[in-house]
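Throughout, read-outs are computed from the coordinates displayed, never taken from laboratory work. Because the structure is a prediction, the values reported are computed rather than measured. Cβ atoms come from the backbone with ideal geometry, glycine included; neighbour counts cover every protein chain shown.
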Amino acid sequence: MIPDYVLAWARAPGPAKALRLIRERHENGRLGVRARVEAGLTSSERVEVGRFLEADWAPSGRPLMVQRLREGLAANGVGLEELLEAVGGPLVDRRAERAAARDARAAERAERAAMVERVVDEAEAAPVEHLAVLAARLFADSHALDRSAVLGRAVARRLAERAATDERPYVDPVLDASAWRDAWASVGVLCDAVSAQVLVLNLPLVGDATAVRLAAVAGEPVWLTLRSLAGTLALAGGVGEVFVCENPAIVEAAADRFGER
């Protein structure tokens, strides 16, 4: 048991400051037999700390030698680590914690890399299927391979790296929608072609794509999807300008005001 007078000493401003620094060094594995602490103590704080050190330490200005403090406490039947835990709780091995965290991150990266290769292998082995179907088949979650999912981004980047050539250099598929679709297409996986939409008004098109028939409705705002653009597609002759507007409400107002014009 630690004597009350030692606990009272440990809680005084000077000793408390010194013990906090000693604890920090101990938990970080930097408390060797020659360790010393520059605690920035005031004169009165040095007097407080010096109670368990040699008599001339307080006025000397010398740094606190941890081994000397350890010896002074031992002379009073108290171990340094015992006192540190009594006033600050259990000591923690910070180096071991950091090493464990590094190992955990490495294991997580290795597990993710293995999972990425598994998805790639499964995608290559299967017939053509949609991305959501592949995700549901492998993970019982149709969104597991979405662009918003960590695994989906990792797999797409792996596929894009494999498919990159001098003629078609790598483009980050997470940042480019077309590159995202191309990455998955390289192993026969089809991405959602109906979620990507654009609102058009009085946009005359020619060709055999479904969008041509949809956009033929003059004076009425129409949503075109990526799927509807499949096939041949071009602007009709005589179209000199196409205006772009991000706000559907503005497009709707234009339809109300200008109609087929």
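What to note about this one:
- All positions within region 122-163 that are within 16 Å of A177 (Cα to Cα) and in a loop (DSSP other than H, G, I, E, B): L145, D146, R147, S148, A149
- Residue in region 86-98 that is free of Cβ contacts under 8 Å to residues at least 60 places away in the same chain and closer than 21 Å to V6 by Cα present: yes
- Residue within region 74-85 that is within 24 Å of the chain's Cα centre (by Cα) and polar (S, T, N, Q) present: no
- Count of region 34-89 residues which are among the hydrophobic types (A, V, I, L, M, F, W, C) and in a helix (DSSP H, G or I): 14
- Residue under evaluation D256, criteria (1) surrounded by 13 or more Cβ atoms within 10 Å (Cβ to Cβ); (2) more than 30 Å from A164 (Cβ to Cβ), criterion not met: (1)
- Test: residue in region 145-155 that is closer than 24 Å to L229 by Cα, polar (S, T, N, Q) and surrounded by fewer than 15 Cβ atoms within 10 Å (Cβ to Cβ): no
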